[in-house]
Amino acid sequence: MDKLQLLGMDRGELTRFVTEDLGESKFRARQIGEWLNRGASIDEMTNLSAALRARLNAIAVANPVTILESYRSKLDETEKFLYALTDGNLIEGVVMRYHHGDTLCVSTQVGCRMGCAFCASTLDGRVRNLTPGEILGQVAAANRHIRQQDPERRVHNIVLMGSGEPLDNYDNVVKFLRLVNAPEGLNISLRNVSLSTCGLVPRMYDFAEEGLPVTLSLSLHAPNDEIRRRLMPVANAYPYDQVIAACRNYVEKTGRRVIFEYALVRDVNSDLKCADELASRLRGLQCHVNLIPLNDVRERNLSAPTRQTVEAFQKRLALKNISATVRREMGADIEGACGQLRRKVLEEAGR
Ligand code: SAH
C-alpha cells in the first residue's frame, strides 16, 4: 500500500492524523510540521521517541521526493536536480540563482500529455500526476540542498514550469499552492509563484476564481491559430481568441498582468510578420512577453533562430509598445530545458 505523505498534509490534516490516528498530542504535530518544513526524514525527527518514529516509518514518509543527483552549471550557478519518487519514477527540477533570490522550477506531472512539438517532457506521454506532497517535496528538498551550500539561500520564487501541465493536474496543484503559502508551512508568498500553462481555457477560468495571487504564464509561441496548431496540439481544442479572452479574464479577476511565453523557432514563428501579428493580437492587454530562443531538443527537428532574428523580433514588439524581454539562457550545459535531463538519464539507463 502507498505510504502516507506527511508533507502533503495541511496543518489541520497533520494534527488530526497525529492526534486521532496515532493518539499523540497536538504538540507532536507541531514538532513534526517543523521538521517537514526543514525537509527532514522521519529518522531525523530526533525529538520524537524511537518508538514513535518506527510507527511513523511503517505507514508514512515525510518527503516523498529525494534528490538522486544534482548537476551544477559551470557557466552560471544554475543547478539541476534529478529527483526520485517513492514508486521509482524520476522527475527533474532546476534552481536558478538570481540577485533577488533563488528561483525553483517545479514539475507537476511525470511526463506530459499535451504533445507540444518542441518539448522533451511530452515525448513519452503522461505517466501520472504528482501529488501535492510530491510537488511540495521538490521545494523542501531543493531548499534543504541549497541551504547546505549557503545558509543564506532559500527558495524565494517558484515557477511551475517543469515537466507536466499544471492545469491538467488542477486539484493537486491548487492544494500545493495553498500548502506552500501556509504561514506554518514554507510561507512562500504566492506573488512569488508563476504558473505556466499551455492554455487549458476552462481551467484558466476556474483558476481565476481561486483567489490565489499567482502570476499566470501562458505558453503562446505563435501569433495565430495556424502556426500555434503546428506547435501545440492544444490549439485545436482552444482557439487563439478563446485563450486570449481567458487571459484577459485572469487579469481582470486578479489584477495581475499575464506573461506570455514565446519560444522562437527558426523558420516557424520568428519573422517580423509574426512579431507584427503578435503585437496586434496582444494590444490593450496588461501583459509582458518572454522571448525564449528555442532550446534544441535532439528528438525534434526544430531549432532556434539567429541572435539577430531574436533581437529584431524583440525590437519590433517594443516599437509596437509590447514589453518583451529575451530570456537569459541558464544552465545550457546541464540539459537545462524542460524534460531533457530525465530523458537523457532514462535513455542512458536503457529504459
Ligand atoms: N505545461 C506548461 C508548463 C511546462 S513547460 C506549459 O506549457 O506552459 C514550461 C515552458 O517551457 C513552456 O512555456 C514551454 O512551452 C517551454 N518549453 C518547452 N520546451 C521548450 C524548448 N525546447 N525550448 C524552449 N521552451 C520550451
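The values are calculated or read from the model by the stated rules, or taken from the named source; none is laboratory data. Every value quoted in this text rests on a predicted model; they were computed, and no experiment measured them. Don't worry about glycine lacking a Cβ; one is built from the backbone with ideal geometry, like all the others, and counts go over all protein chains shown.
Among the candidates ARG11, ARG38, ARG72, the residue that is of a type in the set (D, E, K, R), in contact with a helix residue (DSSP H, G or I) (Cβ under 7 Å, 6 or more places away or on another chain) and closer than 25 Å to VAL95 by Cβ is uniquely ARG38.
To keep it simple, each residue is scored yes or no on (1) of a type in the set (Gly, Ala, Ser); (2) within 16 Å of the ligand (Cβ to nearest atom).
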| site | (1), (2) |
| --- | --- |
| LEU48 | no, no |
| ALA62 | yes, no |
| THR66 | no, no |
| THR103 | no, yes |
| CYS112 | no, yes |
| ALA120 | yes, yes |
| LEU136 | no, no |
| ASN143 | no, no |
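Scanning the stretch 79-95 for residues that are surrounded by 21 or more Cβ atoms within 10 Å (Cβ to Cβ) and under 24 Å from ASP150 (Cβ atoms) turns up GLU79, LYS80, PHE81, TYR83, GLU92, GLY93, VAL94, VAL95. Across the stretch 308-351, the number of residues qualifying as at pLDDT below 95 and assigned to a helix (DSSP H, G or I) comes to 12. Taking the criterion of being under 19 Å from ARG38 (Cα atoms) and out of contact with any Ser or Thr (no Cβ under 8 Å at 6 or more places or on another chain), the residues of the stretch 177-218 that qualify are LEU177, ARG178, LEU179, VAL180, ALA182, PRO183, GLU184, GLY185, LEU186, ASN187, ILE188, SER189. Just to be sure before I move on: is ARG55 in contact (Cβ under 8 Å) with a residue 24 or more places away in the chain, under 27 Å from ARG11 (Cα atoms) and not assigned by TED's automatic domain parsing to the domain that holds SER194 in the structure I sent? When the stated conditions are applied, ARG55 passes them. Taking residues in the stretch 292-312 that are over 12 Å from ALA120 (Cα atoms), and partners anywhere that are more than 10 Å from the ligand (Cβ to nearest atom), the pairs with Cβ atoms closer than 6 Å and at least 6 places apart or on different chains are PRO293/VAL310; SER303/ARG266; PRO305/ARG266; PRO305/SER270; THR309/SER270; VAL310/VAL326. Please determine whether any residue of the stretch 112-130 is closer than 26 Å to ARG147 by Cα, in contact with a strand residue (DSSP E or B) (Cβ under 9 Å, 6 or more places away or on another chain), of a type outside the set (Gly, Ala, Ser) and touching a residue at least 12 places away in the same chain (Cβ under 8 Å). Yes, the stretch 112-130 has at least one match. Of all residues in the stretch 310-326, those being more than 30 Å from THR254 (Cα to Cα) and out of contact with any helix residue (DSSP H, G or I) (no Cβ under 9 Å at 6 or more places or on another chain) number 2. Filtering the stretch 1-37 to residues that are small (Gly, Ala, Ser), loosely packed, with under 15 Cβ neighbours inside 10 Å and more than 14 Å from LEU52 (Cβ to Cβ) leaves only GLY12. Annotation note: Cβ proximity below 7 Å between a residue of the stretch 186-198 that is in the same structural domain as GLY162 (by TED's automatic domain parsing) and a residue that is β-branched (Val, Ile, Thr) and part of a loop (DSSP other than H, G, I, E, B) (sequence gap 6+ or interchain) occurs for LEU190/VAL214; VAL193/VAL214; SER194/VAL214; LEU195/VAL214. Just to verify a result, which residue in the stretch 265-288, among those that are crowded, with 16+ Cβ neighbours inside 10 Å and polar (S, T, N, Q), is nearest to ASN249 (Cα to Cα)? For the stretch 265-288, the residue satisfying everything is ASN269.
Contact map, the stretch 213-226: residues that are over 17 Å from ASP241 (Cβ atoms) and assigned by TED's automatic domain parsing to the domain that holds LEU317 paired with residues that are in a loop (DSSP other than H, G, I, E, B) and within 15 Å of the ligand (Cβ to nearest atom), Cβ distance under 9 Å, separation 6+ or inter-chain. Pairs shown: SER217/MET161.
Candidates are the residues of the stretch 153-167 that are part of a strand (DSSP E or B) and within 16 Å of the ligand (Cβ to nearest atom); the one that is surrounded by the most Cβ atoms within 10 Å (Cβ to Cβ) is ILE158.
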